[in-house]
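Structure, as structure tokens:
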Amino acid sequence: MKNHPQITQIILFGLRNLWIGSKGQCRMKVLLLFALLLGCSASVGAQQSFVETKAQRDQRMRWWREARFGMFIHWGLYAVPAGEYNGKRSERIGEWIMEWANIPRAEYEKFAGQFNPIKFDAKEWVRIAKEAGMKYIVITSKHHDGFAIYNSKVSNYDIDDATPYRRDPIKELAAEAKKQGLKFCFYYSILDWHYPAAYVDAPGKDPSAGNRTTKLKPGGKAEYLKYMKEQLRELITTYEPGVLWFDGEWQEWWTEADGKELYRYVRSLKPDIIINNRVGRGRQGMQGMSKTDQEYAGDFGTPEQQIPANGLPGVDWESCMTMNTTWGFKFYDDKWKSPEVIIRNLIDIASKGGNYLLNVGPTAEGLIPAPSVERLAAVGKWMKVNGASIYGTTASPFPKQLEFGRATSKAGRVYLHIFDWPADGNLRVPAWGKTVTKAYLLANPKKSLQFIEGNDGMTVQLPSQAVDPIATVVVVETK
Ligand code: JFZ
């Protein structure tokens with residue numbers, strides 16, 4: 001609301017003239033009018049508190065756009081069964097076990113007694129993320145199962161009250177993230193399988209088990225909204241998260257108006273916070289983008305387990321992905337993506353102007369699984385050399401997908417990510433309307449590469465062998 005102060009000034013000016021030019025009873029009327037206008041403008045301000053100028057929005061989104069790479073952490077009671085219940089396993093995701101194994105609430109609650117993450121080490125978790133080159137952490141404060149992984153004062157169903165651990169690991173994690181320079185953020189599920197007013201109405205299902213959708217008993221919605229807001233207030237005021245990443249919004253009882261209202265509420269508690277589009281009803285399926293970004297609540301789109309083919313110019317978005325096939329820990333899921341796939345995903349996403357939120361699912365003991373740690377170390381090794389081609393970059397300047405790999409841009413330069421090394425060592429780069437002044441390998445900036453510019457592009461002479469077979473980065477400086 002940039003115009004807001006100006007409008008107020010104009011109104012005040014008008015009122016001053018009215019005041020000067022009036023007497024007695026008339027002055028009373030002016031006073032009344034003044035009070036009325038004041039009330040109006042205040043309520044407009046509150047209602048539209050999330051309306052901001054482009055410059056204000058750019059400022060708020062700045063760290064997030066520059067970061068490009070974050071760690072998603074799915075950690076909760078589902079790490080106890082770890083994908084197996086009464087001998088039953090599933091191809092489905094681990095944090096949905098209360099749904100796919102049809103576990104009644106009272107049974108699921110018992111996992112709390114076995115959740116004792118004595119090996120949790122906040123410093124180590126943050127170190128793993130930081131070493132990978134990640135700039136922020138988004139952790140599940142409460143997933144669909146309703147269990148709070150932080151110390152919630154408005155619930156006993158949380159790690160501090162209901163588990164033998166009797167501590168708040170999130171306090172330590174938030175503090176450690178801040179210490180090591182990473183932004184600390186929360187996931188929060190609107191869908192809640194544990195809330196008393198929620199029940200399942202589906203054939204063959206326990207009414208208190210998990211389900212894709214739940215219903216709320218009469219009067220339950222107002223009660224639940226109050227509870228949710230109290231938890232969100234705790235999360236925001238205690239841990240000062242940079243992002244609130246909502247989920248579970250596809251419930252039929254959750255409306256776009258609810259989403260807008262929740263968005264405003266969260267922003268009112270922390271004006272510079274960033275909120276994903278799953279707060280409202282604007283998300284279109286798993287591609288995750290809002291139908292139109294002006295109309296729907298939320299600051300960024302959330303493609304899940306996928307990368308939009310052509311990126312989404314002018315829209316902020318973040319692809320969240322797993323490293324195996326589950327978000328929450330499953331002890332038998334060994335379908336790990338290779339470091340090559342993960343690194344190239346990061347590059348692909350950056351080349352399309354998005355962020356990459358890469359998931360880990362720690363165990364009930366508090367450990368990030370070793371295969372995840374290994375892969376993150378490999379990403380970190382690549383990022384140490386090539387991070388400049390990812391952080392603070394914007395999408396590829398080329399109108400068509402490059403044949404040899406991907407590209408990102410920054411003021412005065414383009415980064416070329418070579419996936420397929422040219423057999424003859426000559427990298428053909430299509431023209432993009434800029435005059436090239438210099439080319440070199442990001443891994444070796446002191447040594448310039450020869451290049452020839454033609455009408456339809458340039459050819460860069462590369463070493464005969466790939467410097468990094470996963471992705472070698474060539475920097476091209478332009479006028
Ligand atoms: C959601 C969660 O359900 C999932 O557990 C995980 O947290 C992921 C990051 O986000 O994934 C979805 C989102 C939407 C649907 C299903 C799973 N849906 O609409 O059916």
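Table for the structure above
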| item | result |
| --- | --- |
| Calculated [θ] (222 nm, deg cm²/dmol) that DSSP helices of n ≥ 4 give over the chain, each run adding -39,500 (n - 2.57) | -10000 deg cm²/dmol |
| Dipole in debye (nearest 20) - the chain, about Cα centre, beta carbon charges: Lys, Arg +1; Asp, Glu -1 | 1740 |
| Ranking of Val154, Val200, Val243, Val473 by count of other Cβ atoms within 10 Å, fewest first | Val154, Val200, Val243, Val473 |
| Cleavage-rule hits, trypsin sites (Lys or Arg not before Pro), segment 77-128, DSSP coil, Cβ neighbours within 10 Å at most 15 | Arg92, Lys119 |
| For Glu318, distant residues with modelled amide H under 5 Å away | Gly301, Thr302, Asn355 |
| Nonlocal amide H pairs with Gly242, under 5 Å, H built at 1.01 Å | Phe184, Cys185, Phe186 |
| Set of aspartates and glutamates near Lys217 by C-alpha distance (under 12 Å), chain-local residues within fewer than 8 positions excluded | Asp201 |
| Length added when fully stretched, Glu295-Ala202, from 0.36 nm per residue minus Cα-Cα | 30.2 nm |
| Dimensions in Å of segment 405-478 - Rg and Dmax from alpha carbons | 11.2, 31 |
| Using alpha carbons only: equivalent-ellipsoid semi-axes of segment 210-366, gyration tensor based, whole Å | 28, 21, 16 |
| Gyration tensor over alpha-carbon atoms, the chain, equivalent ellipsoid semi-axes in Å | 41, 36, 18 |
| Note, ³J(HN,Hα) from phi for segment 202-217, Karplus 6.51, -1.76, 1.60, rounded to Hz, x at Gly and Pro | 8, x, x, 10, 5, x, 9, 7, x, 7, 4, 10, 10, 10, 10, 4 |
| Convex hull volume per residue for segment 380-431, taking Cα atoms only, in Å³ | 99 |
| Cα pair distances exceeding 19 angstrom across segment 115-241, given as percent | 54 |
| Reachable lysines from Lys400, criterion Cα separation under 25 angstrom, eight or more residues apart if same chain | Lys291, Lys352, Lys410, Lys434, Lys438, Lys479 |
| Considering only the chain, percent of DSSP beta bridges that pair antiparallel, nearest 5 | 55 |
| Full-extension gain in nm, Ser448 to Arg127, via 0.36 nm per residue minus C-alpha separation | 112.1 nm |
| Whole-Hz ³J(HN,Hα) from phi, Karplus 6.51 cos²θ - 1.76 cosθ + 1.60, for segment 305-311, glycine and proline x | 6, 7, 10, x, 3, 10, x |
| Residue order, fewest to most surrounding Cβ atoms within 10 angstrom, among Ser464, Ser389, Ser268 | Ser464, Ser268, Ser389 |
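Rule-based calculations on the coordinates, nothing more; no lab input. Quantities reported herein were computed from a predicted structural model and do not represent experimental measurements. Cβ: placed from backbone, ideal geometry, glycine included. Neighbour counts: every protein chain shown.
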